[in-house]
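Let me begin by presenting the structure, written as structure tokens, before commenting on it.
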Amino acid sequence: MFTCRGGAAILVRTQSTCTRSFFWRLEVSVLTDQVEAQGEKIRDLEFCLEEHREKLNATEEMQQQGLMQEISDLRLKVSEMDSERLQYEKKLKSTKDELHL
């Protein structure tokens, strides 16, 4: 191949550079695969997070609707009890009036 002594040194350095280059490319390839895998995991986690947020929002809405219904029912019950109280007060007044006669 090379006839001079310097040629052998150049050949060794060239081979060494090629070997390092190969390993650097291999390492870059491995790191790229790892980054892509981590990116996919992040996308999956973001999707799961969004699903959980949607479920949480739906649950909150259902609970709020349930509470609103309960409040409405209690208001109706209070109104009925007020009417009943008024009737008893009228009856009591009427009974007192009859007793005073």
**Prompt:** If you check GLU51, GLU89, which single one turns out to be under 17 Å from the mean Cα position of the chain (by Cα), in a helix (DSSP H, G or I) and surrounded by 10 or more Cβ atoms within 10 Å (Cβ to Cβ)?
**Reply:** GLU51
**Request:** Just need a number here: residues in region 3-35 that are charged (D, E, K, R) and exposed (fewer than 10 other Cβ atoms within 10 Å of the Cβ).
**Result:** 1
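Throughout, read-outs are computed from the coordinates displayed, never taken from laboratory work. These figures come from a predicted structure and were not determined experimentally. Note: ideal-geometry Cβ built from the backbone for every residue, glycine included; neighbour counts use all protein chains shown.
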